[in-house]
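The values are calculated or read from the model by the stated rules, or taken from the named source; none is laboratory data. Keep in mind that what you see is a predicted model, and the values were worked out from it rather than measured. Ideal geometry is used to build each Cβ from the backbone, glycine not excepted, and the neighbour counts take in all protein chains shown. Ligands, DNA and RNA are stripped out before the accessible areas are found, and what is left, the full protein with its side chains, is counted by its heavy atoms. Shrake-Rupley method; radii C 1.70, N 1.55, O 1.52, S 1.80 Å.
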Amino acid sequence: MSKLEKLSKYCELTSSNEMLDQYSTDESIFRTVPTAVCFPRNSEEVSQIVQFCSENQVALIPRGGGSGIAGQSIGSGIIMDFKKYMNKIVGLNSKAKTIMVEPGVIHKELNDFLKPHGLFFPPDPSSMNFCCIGGNISTNAGGIHTVKYGSTKDYIEYLEVILSDGSKTDIKPTKGENGRFGEILSRLKELHLEYQPLINKNKPHVIKNSSGYNVFEFLENEIMHPEKLICGSEGTLAVVTKITLRLKEIPKARALVALHFETIEAAGSSAALLLKLNPSALEIIDETALAFVHQVFPEHLLDVKTNTVLLCEFAEENQEAIDKKLGFLTESVSDVLHSQVETGSRIDRLWELRRAVSKSLEHNPGPERPMRFIEDCCVHPTKVREYITRAKEIVARQDLKCAVFGHAGDGNIHINVFADPKNPLHLKKIGTIYAEVI
């Protein structure tokens, strides 16, 4: 009996060429054919799979919706798909404003479930229609509303995880634990205290950070936060099997202002000023991105002739607070060609347009594709104007074009460079651009 046949006793497993090909890609530019794909039904089966991979030194890649753009959900080992079976909403505690889910629950379906209860899970990546909550944990997903509400790490109440030896462990803020996990935490605390000056020195000066392990928030006032260390670790520290999330009440009043600018520099300068008004979202879309998204989103929601648009949303408990902020906005921002204030369902339609930008770029005619190699760079919001300006100059020097959009409010900017992945010259240019931007 082969090793894979032994594993198939514990879970549904396939190594058919068709399925291996399907799971060899995600939303990134990479392709890696796995050895097999398994579909666990519960944490017990996950434990068996983890033990098998650990004993046989086989890479294990947890996968949700496969929406990652950095190749997080592909690999040459065994893909563990949570979306097929482990996709249940386990229970809602409306009074405590928490909900327990399995990792394969689709993000949008979770918020659709919560809406009648007047609650929502705030992180909202553009892939929310098909990404999974387990993937949100894996990547510390944020989104359009990160500027006000934070990212996934800020909403984890509790995690059930499987460690590398197959043992099941509860992850939550703690001063200490017993057993093997307690030993791990004690050693992590020792290391954190030993290297705290170095950790503090190298903490990025940004609002959102999903690069590397979140050692910066592991120890706070003698409380260890292993849940924040797991969040963003992309399945390398433990396999998450259950998630309890903290929720927010849906705001009672909203308004969105679309601000149209002649230049992206003017938009970038205004974005820094608008942050003082504590918007619930602050997004930027340049002329190139606007042209593409209007091809697939025919409603005339925005002026396609505008060079750059800022979408600034306010979410408050009453309309009076909204009106007050709209008044401050008018006084604060200059260089605006024109603006439009939207309410109700028009807000939702504009956010659908914004989320459609990335996919719309794939409609570029010819061999040039939107290459996402500087897709998720993050700077401090006060540096957005400078970053975009310099990055566009770098791309222009290589005679390539790009589309710029993203989260001006938290400095997480998406720059997609159009290049032919089969053209050696273009690949060389991509390397040059990457080196200069990063």
**Message:** Which one, S360, Q319, Q398, projects farthest toward the positive side of the charge dipole computed for the stretch 287-398 from Cβ point charges (K/R +1, D/E -1)?
**Reply:** Q398
**Prompt:** With each run of n ≥ 4 DSSP H residues scored as -39500 (n - 2.57), what mean residue ellipticity at 222 nm is computed for the chain after dividing by its residue count and rounding to the nearest 500 deg cm²/dmol?
**Reply:** -10000 deg cm²/dmol
**Prompt:** How much length is gained on full extension from S164 to E194, taking 0.36 nm per residue of separation minus their Cα-Cα distance?
**Reply:** 8.3 nm
**Request:** First check a/c for the stretch 1-55, with a ≥ b ≥ c the square roots of the eigenvalues of its C-alpha gyration tensor; if it is under 1.5, answer rounded, and if not, answer prolate when a/b is larger than b/c or oblate otherwise.
**Result:** prolate
**Request:** Determine the share of the chain's accessible area contributed by carbon and sulfur atoms, expressed in whole percent, with a 1.4 angstrom probe.
**Result:** 50
**Request:** Please say if the chain is rounded, prolate or oblate, where rounded means a/c under 1.5 for a ≥ b ≥ c the square roots of the C-alpha gyration tensor eigenvalues, and otherwise the choice is prolate for a/b larger than b/c and oblate otherwise?
**Result:** prolate
**Item:** Cα centroid separation - the stretch 165-202 against the stretch 58-82, whole Å
**Value:** 26
**Prompt:** Each label point is 7 Å from the Cα along the Cα-to-Cβ direction; what then is the distance between the points at A253 and K428, in nm?
**Reply:** 6.0
**Request:** Return, for the Cα atoms of the stretch 191-294, the radius of gyration and Dmax in Å, separated by a comma.
**Result:** 19.4, 53
**Request:** Between the alpha-carbon centers of the stretch 313-365 and the stretch 249-271, tell me the distance in whole angstrom.
**Result:** 5
**Request:** Between E320 and H380, with labels modelled 7 Å along Cα→Cβ, what's the label distance in nm to one decimal, could you check?
**Result:** 3.6
**Request:** Could you tell me which of rounded, prolate or oblate describes the stretch 150-194, using a ≥ b ≥ c as the square roots of the eigenvalues of the alpha-carbon gyration tensor, with rounded for a/c under 1.5 and, failing that, prolate when a/b is larger than b/c and oblate otherwise?
**Result:** oblate
**Item:** Student exercise, the chain dipole from Lys, Arg, Asp, Glu Cβ charges, in Debye to nearest 20
**Value:** 340
**Request:** Provide Rg and Dmax in Å for the stretch 231-350, with only Cα atoms included in the calculation.
**Result:** 17.3, 51
**Asked** Suppose R0 equals 51 Å; then what is the FRET efficiency for V33 and F113 from their Cβ-Cβ distance, rounded to the nearest 0.05?
**Response** 0.90
**Prompt:** For the stretch 1-156, what size does the Cα cloud have along each of its three principal axes, sorted from largest down, in whole Å?
**Reply:** 53, 33, 24
**Fill in**
Mean accessible area per residue over the chain (1.4 angstrom probe, all protein chains present, square angstrom) is 46
**Cα centroid separation - the stretch 95-138 against the stretch 207-238, whole Å** = 20
**Prompt:** Of S43, C11, G64, which is farthest along the charge dipole of the stretch 1-105 in the positive direction, counting Lys and Arg as +1 and Asp and Glu as -1 at C-beta?
**Reply:** S43
**Request:** Could you grab the relative contact order for the stretch 93-162? Cα pairs under 8 Å, six or more apart, rounded to a whole percent.
**Result:** 30
**Message:** Can you give me the Kirkwood hydrodynamic radius for the stretch 318-438, using every pair of distinct Cα atoms, in Å to one decimal?
**Reply:** 16.7
**Request:** Could you run the Debye sum over the Cα atoms of the stretch 165-219, one equal point scatterer each and no solvent, and tell me log10 of I(q)/I(0) at q = 0.17, 0.21 Å⁻¹, two decimals?
**Result:** -0.67, -0.90
**Paramagnetic reach from I438 in the stretch 370-402 [backbone N under 13 Å; point 7 Å along Cα→Cβ]** = 372-378
**Message:** Per 0.36 nm of contour for each residue apart, how much would the distance between V296 and M19 grow if the chain were fully extended, relative to their Cα-Cα spacing?
**Reply:** 96.7 nm
